[in-house]
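All remarks here apply to the structure that follows.
Every number here is computed from the coordinates shown, using simple stated rules; none is lab data. Keep in mind it's a predicted model, so treat the numbers as computed, not measured. Glycine gets a Cβ as well: all are built from the backbone with ideal geometry, and neighbour counts include every protein chain shown.
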Amino acid sequence: AQKITQTQPGMFVQEKEAVTLDCTYDTSDQSYGLFWYKQPSSGEMIFLIYQGSYDEQNATEGRYSLNFQKARKSANLVISASQLGDSAMYFCAMREGGGYQKVTFGTGTKLQVIP
Amino acid sequence: GAGVSQTPSNKVTEKGKYVELRCDPISGHTALYWYRQSLGQGPEFLIYFQGTGAADDSGLPNDRFFAVRPEGSVSTLKIQRTERGDSAVYLCASSLGVGFTDTQYFGPGTRLTVL
């Protein structure tokens, strides 16, 4: 089974609107971290936001927030007030705490912001 | 402070040749990771180091791939007898520790093309 599933290969959003990028995960660990990265066409992976499995509040970082629903094993990224510079690939990733140290990435969602 | 750096940014080689890719992590980060990203895919884990030792090399595809980190800082990924299927972007990341809360920060990657 896939550990990280991103079901939206591509998304469009109007500039200044909000957009939600979906991510579901699969783990039997109680301790894990969820991460979102942005990868513009330049290729560099840019860290956006982190959510720990024990965090009770949804993480927020500026215009980014993470809608964490633990029971449903989902960790959707919400980008508010989209900007043209938000056009990029977005990857959801998970790091499990049970001695399994590597990070597993999803296949990504390509977001295009329309002026 | 300085981020993760990788050299070269681009490497073109011929099938059968040997290549070395270098990664310089963020100062003070004990963990270092190598990933491979093929076009349209998320990063795929190769190997990670905790200090000087390879703590998990389960992602290395075969024995043509090898990585070292002799002094616990800079790492080199070595590929022998390159094949066309090795063409990809090789990403390096580092993190302060290896807990599930530790964020990985990525370098700009090395684009390897095997002709």
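Over every pair of different alpha-carbon atoms in the protein assembly as shown, take the mean of 1/r and invert it; report that Kirkwood radius in Å.
With all distinct Cα pairs of the protein assembly as shown included, I get 18.1 Å.
Expressed in nm², what is the orientationally averaged projection area of the convex hull enclosing the Cα positions of chain B?
Hull-based average projected area comes out at 6.8 nm².
So how do B:18-31, B:42-55 stack up, highest first, on mean other-Cβ count within 10 Å?
So the order, starting with the most tightly packed, is B:42-55, B:18-31.
Have a look at A:THR104, A:TYR90, A:PHE35 and report the one farthest towards the positive end of the charge dipole of chain A, computed about the Cα centre with Cβ charges (Lys/Arg +1, Asp/Glu -1).
The listed residue farthest towards the positive side: A:THR104.
May I ask you to evaluate 6.51 cos²θ - 1.76 cosθ + 1.60, the Karplus curve with θ = phi - 60°, for each residue of region A:76-88 and list the ³J(HN,Hα) values in order in whole Hz, giving x for glycine and proline?
7, 8, 10, 10, 9, 6, 3, 10, 4, x, 7, 5, 4
Which percent, to the nearest 5, of DSSP beta bridges fully inside the protein assembly as shown are antiparallel?
Once the DSSP bridges in the protein assembly as shown are tallied, antiparallel ones form about 90 percent.
Would you tell me the mean number of C-beta atoms belonging to other protein chains that fall within 10 Å of each C-beta in A:38-46, as a whole number?
4
Could you tell me the center-to-center distance, by alpha carbons, between region B:1-76 and region A:39-109 in angstrom?
23
Within 10 Å of each Cβ in B:40-47, how many Cβ atoms from other chains are there, averaged over the peptide?
5
How big is chain A along each principal axis, measuring the range of its Cα positions in Å and listing the largest first?
Sorted from largest, the Cα extents of chain A read 44, 27, 21 Å.
In whole Hz, with x marking every Gly and Pro, tabulate ³J(HN,Hα) for region A:12-29 from phi via Karplus 6.51 cos²θ - 1.76 cosθ + 1.60, θ = phi - 60°.
Once rounded to whole Hz, the list reads 10, 8, 6, 3, 6, 8, 8, 9, 10, 9, 8, 8, 10, 9, 9, 7, 9, 6.
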